[in-house]
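What follows is a set of notes on a single structure, which appears directly below.
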Amino acid sequence: MKKISVEINGKKITKDVQDHTLLSVFIRDILSLTGTHVGCDTSQCGACTVHVDGKSIKSCTAFAVDINRSKITTIEGIVKNGK
């Protein structure tokens, strides 16, 4: 287990995660931000795309421990008034 600290959608979070935890799993299952989806399991569809330090990445291809000390924006961080 490793402790990671991130800012996600403007909120600072520190959590323990296993080394092999995908960023998509961290976002959906650990942080309960379910707007990020894994749609294809091959990194082709882009349903898992998030912004990490201002760059778009597919969260199903990154490990959560690799984004330590980063700023992440998910779809929940973009939504305004439910839209």
Margin query: Out of everything in segment 29-55 that is farther than 17 Å from residue 7 by Cβ and outside any loop (DSSP other than H, G, I, E, B), what residue ends up being farthest from the chain's Cα centre (by Cα)?
Written below: 29
Next item on the list: Inspect segment 67-79 for any residue being surrounded by 14 or more Cβ atoms within 10 Å (Cβ to Cβ) and free of Cβ contacts under 8 Å to residues at least 24 places away in the same chain and give the result as yes or no.
Entry: no
Margin query: Kindly evaluate residue 37 against the criterion of being out of contact with any strand residue (DSSP E or B) (no Cβ under 7 Å at 6 or more places or on another chain) and surrounded by 13 or more Cβ atoms within 10 Å (Cβ to Cβ).
Written below: yes
Check: residue 59: among the polar types (S, T, N, Q) and touching a Leu at 6+ places or on another chain (Cβ under 9 Å), yes or no?
Finding: yes
Next item on the list: Starting from segment 27-40, keep only residues that are among the small types (Gly, Ala, Ser), then list their pairs with residues that are assigned to a helix (DSSP H, G or I) and open to solvent by less than 70 Å² (accessible area, probe 1.4 Å) whose Cβ atoms are within a distance under 8 Å, requiring at least 6 positions of separation or different chains.
Entry: 35/76
Next item on the list: Might you let me know whether segment 18-25 holds any residue that is free of Cβ contacts under 8 Å to residues at least 40 places away in the same chain, out of contact with any Pro (no Cβ under 7 Å at 6 or more places or on another chain) and either of a type in the set (A, V, I, L, M) or open to solvent by less than 50 Å² (accessible area, probe 1.4 Å) (or both)?
Entry: yes
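The values are calculated or read from the model by the stated rules, or taken from the named source; none is laboratory data. Keep in mind that what you see is a predicted model, and the values were worked out from it rather than measured. All Cβ positions, glycine included, derive from the backbone under ideal geometry; neighbour counts span all protein chains shown. Areas reflect the complete protein model, heavy atoms only, side chains present, ligands, DNA and RNA absent. Shrake-Rupley method; radii C 1.70, N 1.55, O 1.52, S 1.80 Å.
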